[in-house]
Amino acid sequence: MDSQVKKAIIDVISLFKGAKEAGLKQVPRTHLEKIIRIEKEIEKLRKSPKKTATSLESVDLLTLEEMVRKCTLCELSKGRKNTVFGEGSNHPILMLVGEAPGREEDIQGRPFVGRSGELLTKMLRAIGLERKEVFITSVIKCRPPRNRTPRKEEIEACLPYLLKQIELLDPKLILCLGATSARALLKTESSLSSLRGSFHDFDGRKILVTYHPAYLLRFGGSRLIDLKKQAWHDLQMLQREYEKIKMEMEN
Ligand code: URA
């Protein structure tokens, strides 16, 4: 039940209870007027249910992109210049999922084109992959103000688009860049460090979790050397699995 409707019902009950506790045999007129007002509110809420994504069942990739472009399911739609649907191969073995578009992505309508994008391109090249061979997207398709972490309700509103992208593009491997995408897909609150290091099953696909490039860019010195080592370990794991899947598909 919608939480606003629930609250309205609780308000009505507490008016009845209040009257009973006061020893009244009848609900006072002022209470009745309040109850009628609440009833009208409930009726209004029922007529304008909370917005959710319309059925994505028989939608193809182009239609999905159009739906994302027109999406107004959450507040982020009000501040965006462009939606960032994602780009790359339409038959990728590997899909990369980041958190949300940043300033540059919002301007260009393309994923990972800012500083973290440059690093991501280098990370891919280090394991012999070009951007056009994979599909790159994020959980959230609109930029949050000042690049803040997306809120729970924003993730909930946008996640069906990502799930449909996964279904349509059918990647065998998914690399989650950072904790936000990993937690959204794996339905967990676990820390990034506990999610790294092994593959997670996702409806028969494999998910690997690594650091978001923007996180790597925050550090210097020995912390950066340590993080780079860990990220390189993740990338090598990914590369081995990618090549294994590619060989199986070719034979
Ligand atoms: N960070 C993300 O998570 N996604 C982008 O598209 C860009 C930066």
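Throughout, read-outs are computed from the coordinates displayed, never taken from laboratory work. Since the model is a prediction, treat every value here as computed from it, not as a measurement. Quick reminder, even Gly has a Cβ in these numbers, built from the backbone with ideal geometry, and neighbours come from all protein chains shown.
Between Arg205 and Ser14, what length comes free when the chain is fully extended (0.36 nm per residue of separation minus the Cα-Cα distance, one decimal in nm)?
In short, 63.8 nm is gained.
Once the other residues with Cβ under 12 Å from the Cβ of Leu216 are scored (Lys, Arg +1; Asp, Glu -1), what is the net sum?
With Lys, Arg at +1 and Asp, Glu at -1, the net is +3.
Compute the angle between helix 115-126 and the longest alpha-carbon principal axis of the chain, please, reported from 0 to 90 degrees and rounded to the nearest 10.
That helix lies at roughly 40 degrees to the long axis.
Can you say what percent of the DSSP beta bridges in the chain, counting only those with both residues inside, are antiparallel? Round to 5.
30
Kindly state, as a whole number, the per residue volume in cubic angstrom of the convex hull around the alpha carbon atoms of the chain.
Hull volume normalised by residue count: 177 Å³.
Under the classification rounded if a/c is under 1.5, otherwise prolate if a/b is larger than b/c and oblate if not, where does the range 146-197 fall, given a ≥ b ≥ c as square roots of the Cα gyration tensor eigenvalues?
Here the range 146-197 falls in the oblate category.
Please compute the contact order of the range 176-251 in relative form: average sequence separation of alpha-carbon pairs under 8 Å and at least six residues apart, divided by the residue count, as a percent.
With pairs under 8 Å counted, the relative contact order is 26 percent.
Given the C-alpha centroids of the range 170-220 and the range 27-42, what is the distance between them in whole angstrom?
Taking the Cα centre of the range 27-42 as reference, the centre of the range 170-220 is 50 Å away.
When the chain is modelled as a GNM with alpha-carbon springs shorter than 10 Å, which of Ala182, Ala100, Ala231 fluctuates the most?
Answer for the Gaussian network model of the chain: Ala231.
Strictly over 23 Å apart at the Cα level, which of Lys7/Lys44; Lys34/Lys78; Lys7/Lys34; Lys132/Lys244; Lys44/Lys70; Lys132/Lys246 would you flag in this model?
Cα-Cα > 23 Å for Lys34/Lys78; Lys44/Lys70; rest within.
Suppose every Lys and Arg Cβ carries +1 and every Asp and Glu Cβ carries -1, with no other charges. What dipole size does the chain come out with about its Cα centre, to the nearest 20 debye?
In debye, rounded to 20, the chain gives about 1160.
With the Cα gyration tensor of the range 128-216 giving a ≥ b ≥ c as the square roots of its eigenvalues, does the rule (a/c under 1.5 for rounded; else a/b larger than b/c for prolate; else oblate) give rounded, prolate or oblate?
The shape class here is rounded.
For Glu250 and Arg115 in the same chain, what is the full-extension length gain: residue separation times 0.36 nm, less their Cα-Cα distance, in nm?
45.1 nm is the gain from fully extending Glu250 to Arg115.
Defining a contact as two alpha carbons under 8 Å apart and six or more residues distant in sequence, what relative contact order in percent does the chain show?
17
Choose one answer from Ser138, Ser193, Ser77: the residue with the largest mean-square fluctuation in a GNM of the chain with alpha-carbon springs under 10 Å.
Residue with maximal mean-square fluctuation among Ser138, Ser193, Ser77: Ser193.
Of Thr30, Thr210, Thr188, which is the most mobile in a GNM of the chain whose springs link Cα atoms less than 10 angstrom apart?
Top of the fluctuation ranking is Thr30.
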